[in-house]
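For reference, the structure is listed below as structure tokens.
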Amino acid sequence: MKFQPRTTLGNLISRSGEVFIIPVIEELFYRGTIPINSSKLEILIFCIISMVLFNLAHYIGRKSDLKYHLKITVFSIISTLIYLYTGNLAYSILFHVLYNLPWFFIYLRKYKYNIGL
């Protein structure tokens, strides 16, 4: 059985930033630039650009796994639709946090296991 490296407190802090801070920054950058009161064509163009940039940002440092990028594309579409439907970026941020939250709990459990709790 192959084991992953030990999860340290630094890893846990890094993961918490990925769950609670990065979604705010990413949603502000990728969805917050979409003008809601524009024409449907402009919104569509902004959505496509946003989705491509989001995928490119998540491609850097990762292997080119098609399944992963399909998930990221679907995530980006859903997040954009939430923002367009509600007109409020907070719901898109909440969706992003909830999407990343399971990874934090995995790292938290691994950390607790490593320190013997």
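The values are calculated or read from the model by the stated rules, or taken from the named source; none is laboratory data. Since the model is a prediction, treat every value here as computed from it, not as a measurement. Cβ coordinates were reconstructed from backbone atoms using ideal geometry, including for glycine residues, and neighbour counts include every protein chain displayed.
What the table shows:
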{"quantity": "Filter result for residue 49 (farther than 30 Å from residue 85 by Cβ, at pLDDT 80 or above and out of contact with any Gly (no Cβ under 9 Å at 6 or more places or on another chain))", "calculated": "no"}
{"quantity": "Residue that is within 19 Å of residue 17 (Cα to Cα) and not charged (D, E, K, R), where the choices are 52, 97", "calculated": "97"}
{"quantity": "Qualifying residue in the range 65-85 (condition: of a type in the set (Lys, Arg) and more than 21 Å from residue 6 (Cα to Cα))", "calculated": "yes"}
{"quantity": "Candidate set: the range 1-15, residues that are aliphatic (A, V, I, L, M) and either part of a loop (DSSP other than H, G, I, E, B) or surrounded by 14 or more Cβ atoms within 10 Å (Cβ to Cβ) (or both); chosen: the one modelled with the highest pLDDT", "calculated": "12"}
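So that you can scan it fast, the table gives a plain yes or no per residue for (1) of a type in the set (Val, Ile, Thr); (2) over 14 Å from the mean Cα position of the chain (by Cα); (3) modelled with pLDDT of 90 or more:
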{"position": "63", "(1), (2), (3)": "no, yes, no"}
{"position": "70", "(1), (2), (3)": "no, no, no"}
{"position": "85", "(1), (2), (3)": "no, yes, yes"}
{"position": "88", "(1), (2), (3)": "no, yes, yes"}
{"position": "94", "(1), (2), (3)": "no, no, yes"}
{"position": "104", "(1), (2), (3)": "no, no, no"}
{"position": "115", "(1), (2), (3)": "yes, yes, no"}
